[in-house]
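Here is the structure we will look at, set down as structure tokens.
The values are calculated or read from the model by the stated rules, or taken from the named source; none is laboratory data. Keep in mind that what you see is a predicted model, and the values were worked out from it rather than measured. Because the Cβ atoms are built from the backbone with ideal geometry, glycine has one as well, and the counts that use them run over all protein chains shown. All accessible areas refer to the heavy atoms of the entire protein, side chains included, with ligands and DNA or RNA removed. Shrake-Rupley method; radii C 1.70, N 1.55, O 1.52, S 1.80 Å.
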Amino acid sequence: MLKPAPMPVRVWDLPTRLFHWSLVVLIVCAWASFEFSDVVGDKTLLWHRLNGYAVLLLLIWRVLWGLVGSPSARFATFLAWPWTAAAYAVDLIRGRDRHYLGHNPLGAYMIIALVAVVATQGTLGLMATEHNYVTWGPLTALAGSDERSIELAKWHVWMFDSVLLGLIALHIAANVLYRLIKKDRLIEAMVTGTKPPGSYEDEDRLANAEINRPLLRAFVCLVLAAAIFAGAIKALGGKLFYI
């Protein structure tokens, strides 16, 4: 009798995957809504601001999900000490195969860097004023002056052009190289939520690990994230919407 084929190993839950690809779409839309605002007649950058709010809301959600989500999404399971990441990098250079179901020690730092840069850029946007004075973020008062708020707008753009795009390019290149050289299907796993059966260093902690009612948990986290975001803006004296 033929043995059944090994089953794929579940690793990424649906909420985590939706977060990942939603953030990708929102970052693209953030660029487009700014770059083509004149073309669509959006002089006050309304769509760009709403897009920015959505990005920050998602990031707050991800922090909450990193505490109560599935094991592979929790910070406690994938954040490694710097020397652990350094040792992994040395092994990678030497060609030693070390496979992980979730984020590898080096990839974890890339994820944290991406999230930190996007969060910083979004926060700068909240305090920025465009040079034409017809659009501004809800927390421009925290900048202290119009001149400083305009300067923050320049930093907001610089952060995207000079830092975030570089990190995104590095992230994509690393995923492609992992696929071509190590045959590690990182991109496919973030689509399907599974990886092929094999030997993984974190398998005992993550393989097919499940939580109760993940979609309900994700929804509650989303509601909490919205409350935290809106509450923080109001507490700091800002106003999300203006005409």
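Looking only at segment 175-189, residues that are buried (at least 16 other Cβ atoms within 10 Å of the Cβ) and within 18 Å of Tyr109 (Cβ to Cβ) come to 4 in all.
Taking the criterion of being more than 10 Å from Glu130 (Cα to Cα), of a type in the set (Gly, Ala, Ser) and within 28 Å of the chain's Cα centre (by Cα), the only residue of segment 143-157 that qualifies is Ala143. Before we move on, is Arg17 among the charged types (D, E, K, R) and open to solvent by 50 Å² or more (accessible area, probe 1.4 Å)? No: the conditions fail for Arg17.
Considering only residues in segment 35-49 that are touching a helix residue (DSSP H, G or I) at 6+ places or on another chain (Cβ under 8 Å) and within 23 Å of Ala230 (Cβ to Cβ), the one that is most open to solvent (accessible area, probe 1.4 Å) turns out to be Trp47. When Ala119 is tested against (1) over 30 Å from Leu180 (Cβ atoms); (2) aliphatic (A, V, I, L, M); (3) at pLDDT below 90, just one condition goes unmet, and that condition is (3). Say we look at segment 70-102 and pick out the residues that are at pLDDT 90 or above and within 18 Å of Ala119 (Cβ to Cβ); which of these is surrounded by the fewest Cβ atoms within 10 Å (Cβ to Cβ)? For segment 70-102, the residue satisfying everything is Phe75.
Quick one: in segment 25-49, which of the residues that are among the small types (Gly, Ala, Ser) and outside any helix (DSSP H, G or I) is nearest to Trp158 (Cα to Cα)? This residue is Ser37. Take the residues of segment 1-14 that are open to solvent by less than 100 Å² (accessible area, probe 1.4 Å) and not in a helix (DSSP H, G or I): which is modelled with the lowest pLDDT? Checked segment 1-14; the qualifying residue modelled with the lowest pLDDT is Ala5.
Results for (1) free of Cβ contacts under 8 Å to residues at least 40 places away in the same chain; (2) surrounded by fewer than 13 Cβ atoms within 10 Å (Cβ to Cβ); (3) outside any loop (DSSP other than H, G, I, E, B), shown as yes or no for each residue.
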site: Tyr109; (1), (2), (3): yes, no, yes
site: Ala113; (1), (2), (3): no, no, yes
site: Val118; (1), (2), (3): no, no, yes
site: Thr123; (1), (2), (3): no, no, yes
site: Met159; (1), (2), (3): no, no, yes
site: Pro197; (1), (2), (3): no, no, no
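Give segment 125-156 a look and list any residue that's outside any helix (DSSP H, G or I), open to solvent by less than 70 Å² (accessible area, probe 1.4 Å) and either over 21 Å from Val55 (Cα atoms) or of a type in the set (Gly, Ala, Ser) (or both), or say none. Selection gives Ala128, Val134, Gly137, Gly144, Ser145.
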